[in-house]
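J.: The following block contains the structure, expressed as structure tokens.
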Amino acid sequence: MELRIDMTDEVEVVEKKAKLVNPEFVEEVIKAGAVSVNLCWQCGTCTASCPSGLHTAFRVRKLIRRVQLGFMDEVLPADDMWMCTTCYTCHERCPRDVKIPEIIFTLRNMAVKMGYMAETHKKAATLLVKTGHTIPLDDKAKALRKKVGLIETPLTTLSNSEALEEVQKILRHTGFDKIVGA
Ligand code: SF4
Ligand code: SF4
């Protein structure tokens, strides 16, 4: 008796995935500055070392692999890469000297140009435009500052309107305010 295995579903999945692949993507990423992306041999040391991956679904090895394979439409709109805190642990430990944070910066720049940015980063960037800081100074922080002998409000853009105007001028000049929609 002849044994036939129906592979229709598997073939459909492979065909669907193949349609998602943009073979130019990895070259575009390299041209944009992430020159080491193809050095990765997928050992997983980065994922095992990544503090963000401990607390989120972010897997840096997978991100690099998706870039290598050309899954642009999965990589750029996703929140994954915005979970990297740029601590550089992966970079220090990578046996192939893949400059992972640089790759992530490059991908973020590409994503922003296409209109994607994680909401949390957008909020922080908007605060930067409004106050010159990415973290707000709330009453709790003020009380803590006072407790350790500091003035409640630091002598930064928070208390210096001229300095704030200068910062805002730079952000306007570079178009940063428009990019983040502030
Ligand atoms: S540690 Fe380096 S070589 Fe290993 S998976 Fe991560 S990027 Fe690739
Ligand atoms: S730089 Fe980013 S990806 Fe690398 S270990 Fe730190 S948080 Fe993870």
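What follows is calculated from the coordinates using simple rules that are stated; it is not laboratory data. The model shown is predicted, which means the values in this text are computed figures rather than measured ones. Neighbour counts are summed over all protein chains in view; Cβ atoms, including those assigned to glycine, are modelled from backbone coordinates with ideal geometry.
J.: Let me have the 222 nm mean residue ellipticity of the chain computed from DSSP H runs of 4+ only, each contributing -39500 (n - 2.57), with the sum over all residues rounded to the nearest 500.
T.: Calculated from helices alone, the mean residue ellipticity at 222 nm is -15500 deg cm²/dmol.
J.: Counting only other residues whose beta carbon sits under 12 Å from that of THR153, what net charge do I get with K and R as +1, D and E as -1?
T.: Net charge in that neighbourhood comes out at 0.
J.: With contacts defined as alpha carbon pairs under 8 Å and 6 or more residues apart, what's the relative contact order of the chain in percent?
T.: For the chain, the relative contact order is 18 percent.
J.: Shifting gears a bit: Evaluate the distance, in nm, between pseudo-label points positioned 7 Å from the Cα of ILE30 and of GLN68 along their respective Cα→Cβ axes.
T.: Modelled inter-label distance: 1.3 nm.
J.: Angle, helix 119-131 long axis vs. longest principal axis of the chain, Cα atoms, 0 to 90°, nearest 10?
T.: That helix lies at roughly 20 degrees to the long axis.
J.: Between THR153 and LYS122, how high is the FRET efficiency from 1/(1 + (r/R0)^6) when r is the Cβ-Cβ distance and R₀ = 30 Å? Nearest 0.05.
T.: 0.75
J.: Say a site is exposed when it is one of the chymotrypsin sites (Phe, Trp or Tyr not before Pro), sits in a DSSP loop, and has at most 13 other Cβ atoms within 10 Å; what is then the longest site-free stretch of the chain?
T.: Of all site-free stretches, the longest is 89-182.
J.: Going by C-beta contacts inside 10 Å, put THR120, THR45 in order with the fewest on the left.
T.: Starting with the residue having the fewest Cβ neighbours, the order is THR120, THR45.
J.: Sum up the lysine pairs in region 1-135 that clear both bars: alpha-carbon distance under 16 Å and a spacing of 8 or more or different chains.
T.: Pairs that pass both the separation and distance tests number 6.
J.: Comparing LEU20, LEU127, LEU137, which has the greatest mean-square fluctuation in the GNM of the chain with Cα pairs linked when under 10 Å apart?
T.: Highest fluctuation of the listed residues: LEU137.
J.: Moving on. What ranking do SER161, SER36 get, fewest neighbouring Cβ atoms within 10 angstrom at the top?
T.: Arranged by neighbour count, lowest to highest, SER161, SER36 become SER161, SER36.
J.: Say a site is exposed when it is one of the trypsin sites (Lys or Arg not before Pro), sits in a DSSP loop, and has at most 16 other Cβ atoms within 10 Å; what is then the longest site-free stretch of the chain?
T.: So the longest stretch without any such site is 5-95.
J.: Moving to a separate point now. Test of understanding: in a Gaussian network model of the chain with alpha carbons linked when under 10 Å, which of VAL75, VAL29, VAL167 would top the mean-square fluctuation ranking?
T.: Maximum among the listed residues: VAL167.
J.: Where the convex hull is taken over the Cα atoms of region 1-46, what is its projected area averaged over directions, in nm²?
T.: 5.9
J.: How large is the Kirkwood hydrodynamic radius of region 56-182, counting all unique pairs of alpha carbons, in Å?
T.: That comes to 17.0 Å for region 56-182.
J.: To continue, here is another question. Would you mind counting up the charge near THR126? Only other residues with Cβ under 11 Å from its Cβ, with Lys and Arg at +1 and Asp and Glu at -1.
T.: Summing Lys/Arg as +1 and Asp/Glu as -1 gives +1.
J.: Using DSSP loop states and a limit of at most 16 other Cβ atoms within 10 Å to flag GluC sites (Glu not before Pro), what is the longest stretch of the chain containing no flagged site?
T.: Longest site-free region, per DSSP loop and neighbour criteria: 25-151.
J.: Moving on to the next point. For region 119-180, what D do you get in µm² per second when you plug the Kirkwood radius from alpha-carbon pairs into Stokes-Einstein at 25 °C and 0.890 mPa s?
T.: The estimated diffusion coefficient comes to 196 µm²/s.
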